[in-house]
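This report refers to the structure that appears directly beneath it.
Every number here is computed from the coordinates shown, using simple stated rules; none is lab data. Keep in mind it's a predicted model, so treat the numbers as computed, not measured. Neighbour counts run over all protein chains shown; Cβ positions are idealised from the backbone, glycine included.
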Amino acid sequence: MDKINLERFPANGTFELTARCNLKCKMCLIRIDNKRMAELGGRERTADEWIRMAREVCDAGTIGLLLTGGEPMLRPDFIEIYEAIAQMGFIITLYTNATLITPEIMEVLRKFPPHKIGITAYGASSETYEKVTGDAKAYHRMIEGVELLRQLPSKIIIRTTLIKDNLDDLDNITQWAFKMGKDIEFNVSRVVIKPVRGGIAHVEDCRLTPEQNVAMLVKRKMDFIINPLKKYIEENPPQPKEGNETKRNTEDPIASINEKKLTLYGCDAGMNAYTITWDGKLVGCQLLGDCWTEPFEDGFEAAWKQFPDKVKLPPVSEECIGCKLSCNACPATRLAETGSMGELPEYLCKESKLAYKMQERLINDLKNIIKEGEMIEKV
């Protein structure tokens with residue numbers, strides 16, 4: 001345990017200021033309402049408590065801090081919390097659906113701009129927003145909010161999550177995001193897992209099937225990698241290389257690093273990163289809720305030190321042992337999908353197998369494109 005403690009440092013934190021949201025997205029993993037909050041028996045922490053906790057994590061060495069929810073701006077005391085935390089010197093990332101931006105919120109954000117702002121956009125029309133979030137008017141509020149947030153010097157990241165209700169709108173969302181300029185980052189989440197820590201979504205009814213996921217991925221790879229590369233090679237034939245080719249290093253540097261790296265969950269969760277949930281628990285990440293300590297009661301430093309002793313990983317399913325496919329089945333996603341951090345998540349497993357076959361086809365396509373380029377060169 002001493003060796004693990006030497007490797008651990010709480011560099012990056014997440015404050016889940018609330019699990020409530022003004023939208024009712026069908027696929028949200030976190031969202032709860034007041035009724036579920038009462039059933040879970042927890043309470044949201046006050047502004048004073050979050051501000052005090054921010055001072056504690058700052059003193060403990062936290063550098064990067066993500067403020068998220070739910071929708072953090074839903075809290076009437078969001079400005080109070082944000083303004084106090086922003087003056088402590090963190091590298092702040094703010095996640096929001098951008099539908100609740102007020103002049104008062106913009107005033108404090110202009111005064112203390114976050115380093116990054118992640119904005120969720122679930123469609124490119126009111127109709128899609130109605131299907132996904134239950135609020136058609138939220139689309140126009142999101143557009144207005146994005147335009148306001150773009151006035152800040154913050155790095156803007158547009159994030160969308162695909163389900164059956166907005167899959168056909170992906171091209172429109174992509175075009176809208178790209179029109180905002182090259183400085184805007186655009187991320188697409190295509191695999192939706194089941195809700196965690198009491199979330200009220202029913203993702204099985206709305207998430208894409210593994211087949212739909214992979215078909216969408218193939219289309220995007222073709223649109224943004226294969227076809228552009230083929231066009232580039234046709235327009236810019238490769239030139240003959242002079243001299244001897246540099247010998248390639250076949251050693252996998254990532255594998256060698258991972259062999260030496262100590263972890264609790266196989267990632268940075270609980271090692272260099274942590275989440276403090278809406279009801280005051282310190283967990284490894286926002287998707288975990290099986291093991292926790294109590295930073296508001298015991299103090300952050302004590303809760304951080306105690307956390308490794310709380311983590312008890314069950315044996316991994318025999319079907320997963322030795323599997324070389326990258327299915328993204330970390331302990332957190334296993335827990336969400338199966339209720340255990342060790343069981344095989346069938347949805348992710350099936351999606352991974354289909355994606356692997358797709359990857360083989362794309363690699364063959366790339367090889368053929370390169371061969372075509374070599375033929376062009378010879379001609």
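Numbers for the structure displayed
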{"read-out": "³J(HN,Hα), Karplus 6.51/-1.76/1.60, whole Hz, each residue of the range 112-117, x for Gly, Pro", "value": "10, x, x, 5, 9, 10"}
{"read-out": "Evaluated at q = 0.15, 0.17, 0.21 Å⁻¹: base-10 log I(q)/I(0), Debye formula over Cα of the range 111-236", "value": "-0.83, -1.01, -1.29"}
{"read-out": "Cα centroid separation, the range 260-305 to the range 120-136 (Å)", "value": "34"}
{"read-out": "Placed amide H near Leu325: partners under 5 Å, 5+ positions off or other chain", "value": "none"}
{"read-out": "Charge sum, other residues only, whose C-beta stays under 15 Å from Ile193's C-beta, Lys/Arg counted +1 and Asp/Glu -1", "value": "+1"}
{"read-out": "Taking N as its residue count, the alpha carbon Rg of the range 6-127 over 2.2 N^0.38 Å", "value": "1.11"}
{"read-out": "Net charge of Cβ neighbours under 14 Å - reference Tyr122; Lys, Arg +1; Asp, Glu -1", "value": "+3"}
{"read-out": "Residue-span extension gain [Ala136 to Glu204] - 0.36 nm each, minus C-alpha spacing", "value": "22.2 nm"}
{"read-out": "Label-point gap, in nm, between Asp33 and Thr263 - each point 7 angstrom along Cα→Cβ", "value": "3.8"}
{"read-out": "When each of Lys182/Lys357; Lys131/Lys219; Lys164/Lys353 is checked by Cα-Cα distance, pairs over 25 Å", "value": "Lys182/Lys357"}
{"read-out": "In order through the range 25-38: 3J(HN,Hα) via Karplus (6.51 cos²θ - 1.76 cosθ + 1.60), integer Hz, x for Gly, Pro", "value": "4, 5, 9, 5, 7, 9, 4, 10, 10, 4, 5, 5, 4, 5"}
{"read-out": "Distant-in-sequence amide H partners of Thr209 (H built 1.01 Å from N, under 5 Å)", "value": "none"}
{"read-out": "Residues with amide H under 5 Å from that of Leu65, placed H, sequence gap 5 or more", "value": "Gly13, Ile91, Ile92, Thr93"}
{"read-out": "Karplus 3J(HN,Hα) series, Hz, for the range 68-73 with 6.51 cos²θ - 1.76 cosθ + 1.60 (x for Gly, Pro)", "value": "8, x, x, 10, x, 6"}
